[in-house]
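Structure, as structure tokens:
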Amino acid sequence: MYEFVRGKLDFIGPEYVVIENNGIGYQILTPNPFSYTPEFGQEVRIYTYHYVREDIIALYGFQTREEKTLFTKLLNVTGIGPKGALAILASGEPEQVVQAIENEDEAFLVKFPGVGKKTARQMILDLKGKLPDIVPDFFPNLFSADKLQAESGPSGDLEEALLALKALGYSDKELKKITPELRKEKLTTDQYIKKALQKLLKL
């Protein structure tokens with residue numbers, strides 16, 4: 001229904017961003033909302049998927065059409081819902097997911113939240129050989145414009161990253177294993193998330 005939404009990036013939270021267009025704020029759930037932090041307050045374009053079920057109507061958004069395409073294909077796999085598909089895309093490297101499916105690498109796929117051996121096998125059965133077009137270019141607290149500008153430094157950015165990872169379905173136990181290493185580095189929220197996802201996929 002909606003190919004994309006273009007407007008000012010008005011809000012960033014652990015689970016979604018808000019794009020303001022002609023006085024209307026569109027709440028868009030994205031794999032890694034904090035990846036948009038450098039564009040806060042600016043005009044952005046987000047490719048969207050309008051998800052409609054009996055119990056939910058939501059907009060999911062992606063930085064590229066390739067990410068959106070992979071998301072829609074993942075939704076067709078039995079056992080994967082929107083939250084699970086977002087968690088798989090949050091690594092920011094869809095090509096790794098495609099490679100794992102093509103290589104039948106179940107051990108890699110089961111590292112994502114909510115993906116067990118049965119679901120990983122289903123992903124391979126349903127999607128292997130069908131992803132040639134996927135070539136990427138590559139929460140108690142919510143964060144408004146004022147708060148994002150006021151909070152800086154590794155601790156604030158790391159806490160934001162951990163909230164976003166929890167929203168994707170990673171457990172406190174998993175996050176505690178990687179947090180000490182992350183605290184040694186000074187990164188942006190988006191960089192913390194990407195670094196954390198790399199570490200989580202190696203656990």
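The values are calculated or read from the model by the stated rules, or taken from the named source; none is laboratory data. From a predicted model like this one, the values you see are computed outputs, not experimental measurements. As a convention, Cβ positions derive from the backbone with ideal geometry for all residues, glycine included, and neighbour counts pool all protein chains shown. Surface areas here come from the heavy atoms of the whole protein model, side chains and all, with no ligands, DNA or RNA. Shrake-Rupley method; radii C 1.70, N 1.55, O 1.52, S 1.80 Å.
Scanning the stretch 92-109 for residues that are surrounded by 15 or more Cβ atoms within 10 Å (Cβ to Cβ) and hydrophobic (A, V, I, L, M, F, W, C) returns 97, 98, 100, 101, 108, 109.
For every residue, the table says whether it meets (1) at pLDDT below 95; (2) open to solvent by 40 Å² or more (accessible area, probe 1.4 Å).
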position: 6; (1), (2): no, yes
position: 10; (1), (2): no, yes
position: 17; (1), (2): no, no
position: 25; (1), (2): no, yes
position: 28; (1), (2): no, no
position: 43; (1), (2): no, yes
position: 46; (1), (2): no, no
position: 55; (1), (2): yes, yes
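Does the stretch 96-108 include one or more residues that are within 24 Å of residue 187 (Cα to Cα), of a type in the set (Asp, Glu) and modelled with pLDDT of 85 or more? The answer is no; no qualifying residue exists. Within the stretch 158-182, the set of residues being assigned to a helix (DSSP H, G or I) and either polar (S, T, N, Q) or touching a Ser or Thr at 6+ places or on another chain (Cβ under 8 Å) (or both) comprises 158, 160, 161, 162, 164, 179.
Restricting attention to the stretch 82-108, which residues are among the polar types (S, T, N, Q) and in a helix (DSSP H, G or I)? Working first, answer last.
First, the residues of the stretch 82-108 that are among the polar types (S, T, N, Q): 91, 96, 99, 103.
Across the stretch 82-108, the qualifying residues are 96, 99.
Residues that are small (Gly, Ala, Ser) and either closer than 16 Å to residue 12 by Cβ or modelled with pLDDT of 90 or more (or both) do not occur anywhere in the stretch 129-140.
Filter the stretch 180-203 down to the residues that are modelled with pLDDT of 90 or more and open to solvent by less than 20 Å² (accessible area, probe 1.4 Å), then identify the one that is farthest from residue 38 (Cα to Cα). Applying the filter and picking the extreme gives 200. Could you tell me whether residue 165 is under 20 Å from residue 18 (Cα atoms), of a type outside the set (Phe, Trp, Tyr) and at pLDDT 90 or above? Criteria met by residue 165.
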